Amino acid sequence: MLDGKKILMIIGGGIAAYKSLDLIRQLRAQGALVTVILTGAASRFISPLSVASLSGQKVHSELFSDNAEAEIGHIALSRSADLVLVVPMTADLMAKTAQGHADDLASTVLLASDKPIMAAPSMNARMWEHPSTQRNLSLLKSDGVLIVGPEIGNTACGEHGRGRLAEISEITHSIIMYFGAHDVASAPECSLSGKSVLITAGPTYEPIDTVRYIANRSSGKQGYAIADAARLAGAQVTLISGPTTLTPPAGVNIIRVETAEQMYNEVIKSLPADIFVACAAVADWRVEAPVLGKVKKSKDGPPKLKLIENPDILASVGKHRSRPKLVVGFAAETENVVLNAKEKIKKKGCDIIIANDVSVTSGVMGGDENAVHVVGKTAVDSWPKIPKDLVAERLIKLFAKMLRREEK
Ligand code: C5P
């Protein structure tokens, strides 16, 4: 799946460096050509000889080396790849990259590169949580660096928390997805360059009192994946998200909300857009009068909650005077999935509904995979169960085509 893709892999000096050896193997098995730069510290964790044998290429590590510069200068090295990959990205290398330092081969290449950069950080959990690392993370993201992980788990230093390198299979998957979506983006018929895409994602929280709320099991993964795929296709993306634990994709304008009413207000404020994708699991009802403070238990029994209907965001956008050319709804159903979706197209004034089965046995809500039915006004296309980011990539392809048709 990565046939002929040129990956320049920078291995940082962390204990997780040894895992990058397996990554080299996996990337080569997918057909990629992997050239490696080892930082000085990394070569204390793994030997340049192992890296050279696994990558089948000369390993680069010196900035000031007459030989290396004569063979291939650091500028050429930074330009010859399709993707620059940093695994593991240490706290120190994050700081250097965020600040634009160039005092060794790895940092110089990162600064001189005009290619996309993907980094998988790994470090002690306290280092990861430190405000300076988090500041550097925000800077890197706003510079467009794609970040994979880190995960929560036990780190080599015997502590528990977020800081573990993402699984090698997860990093490989992100690279495959990146190139998949990138290929989509670069295919002219699938490009969304110059288009604006407005997406809602995640659940909404509807307060009962100051500490309690009504919510649902939506993770936001599908909406975030669509935002990422739309951005990779060249669109200007605004993602209006209910509460989730996800990191927003780089380069996307994220607006965070809690309630359906807040989501509604932000969506209407963000119009006009070329495409609207209502992926959020918006609560249908809210408590009419949430209590200020915490409701106490009483001998009169549980409080009676009076629910009232929330605004229907999708239906409002469907009939708005600035209606986007393409309005996409989602339908989470537990029965009669396709039939209900067809009804919803009419009811909500949208062009297409992406319907999925969210019954407990489907594992869709909160899971990483989705099996969707793409329900149009006349036709239905049922896709197999595939990862949510692949669903997103295919949907973006489809939306780009539909938009083009609308604009003709
Ligand atoms: O009616 P139902 O909730 O099944 O419709 C689902 C679709 O409508 C989704 O696209 C969802 O984002 C959208 N929706 C909305 N506002 C609501 C309820 C649902 O935008 N209040």
Problem set entry | Asp3, Asp22 arranged by Cβ crowding within 10 Å, fewest neighbours leading | Asp3, Asp22
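Any idea what the dipole of the chain comes to, in debye rounded to 20, about its Cα centre with Lys/Arg Cβ at +1 and Asp/Glu Cβ at -1? Working shown, then result.
On the way: 47 positive and 43 negative charges, 252 e Å.
Dipole about the Cα centre, nearest 20: 1200 debye.
What is the magnitude of the charge dipole of the stretch 190-407 about its Cα centre, with +1 placed on the Cβ of each Lys and Arg, -1 on the Cβ of each Asp and Glu, and no other charges, expressed in debye to the nearest 20?
Details: 31 positive and 24 negative charges, 65 e Å.
Using Cβ point charges on Lys, Arg, Asp and Glu, the stretch 190-407 gives about 320 debye.
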Exercise. Which Cα, out of Pro131, Ile46, Leu326, lies furthest along the positive dipole direction of the chain (beta carbon charges, K/R +1, D/E -1)?
Worked result: Leu326
Exercise. If you take the beta carbon distance between Glu369 and Lys58 as r and set R0 to 45 Å, what does 1/(1 + (r/R0)^6) give as a FRET efficiency, to the nearest 0.05?
Worked result: 0.65
Exercise. Using the Cα gyration tensor of the stretch 190-407, with a ≥ b ≥ c the square roots of its eigenvalues, what is the shape: rounded (a/c below 1.5), prolate (a/b larger than b/c) or oblate (neither)?
Worked result: prolate
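Take the Cα pairs of the stretch 6-179, get the Kirkwood Rh, then feed it into Stokes-Einstein at 20 °C and 1.002 mPa s and tell me D in µm²/s. Before the final figure, lay out the partial values.
Numbers: Rh = 15.9 Å.
In µm²/s, the coefficient rounds to 135.
If Rh is defined by the Kirkwood formula over all Cα pairs and Rg also comes from Cα, what ratio Rg/Rh do you get for the chain?
On the way: Rg = 23.7 Å, Rh = 23.1 Å.
When Rh is taken as the Kirkwood radius, the ratio is 1.03.
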Exercise. What nm distance separates the two modelled labels at Ser382 and Asp300, each placed 7 Å from Cα along Cα→Cβ?
Worked result: 5.2 nm
For this session: Using packing as a proxy for protection, rank 79-90, 138-149 so that the peptide with the highest average count of other Cβ atoms within 10 Å comes first.
Result: 79-90, 138-149
Exercise. Tell me which lysines have Cα within less than 20 Å of Lys397's Cα, excluding those fewer than 8 residues away on the same chain?
Worked result: Lys195, Lys221, Lys325, Lys377, Lys385, Lys388, Lys408
For this session: Please give, to one decimal in nm, the separation of the simple spin-label points placed at Ile308 and Ala156, each 7 Å out from Cα toward the Cβ.
Result: 5.9 nm
Exercise. Given a Förster radius of 22 Å and the C-beta distance between Leu292 and Gln262 as r, what FRET efficiency does 1/(1 + (r/R0)^6) yield to the nearest 0.05?
Worked result: 0.80
Exercise. Where the only charges are on Cβ atoms (+1 Lys, Arg; -1 Asp, Glu), what is the dipole of the stretch 6-179 about its Cα centre, to the nearest 20 debye?
Worked result: 300 debye
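Only helical DSSP H runs with n ≥ 4 go in: add -39500 (n - 2.57) per run for the chain, normalise by residue count and round the 222 nm mean residue ellipticity to 500 deg cm²/dmol. All intermediate terms of the calculation are to be shown ahead of the outcome.
Values: 15 runs with 149 residues, N = 408.
So the calculated ellipticity at 222 nm is -10500 deg cm²/dmol.
A short reminder: the numbers here are calculations on the coordinates, not readings from a lab. Predicted, not measured: the structure shown is a model, and the values here were computed from it. As a convention, Cβ positions derive from the backbone with ideal geometry for all residues, glycine included, and neighbour counts pool all protein chains shown.
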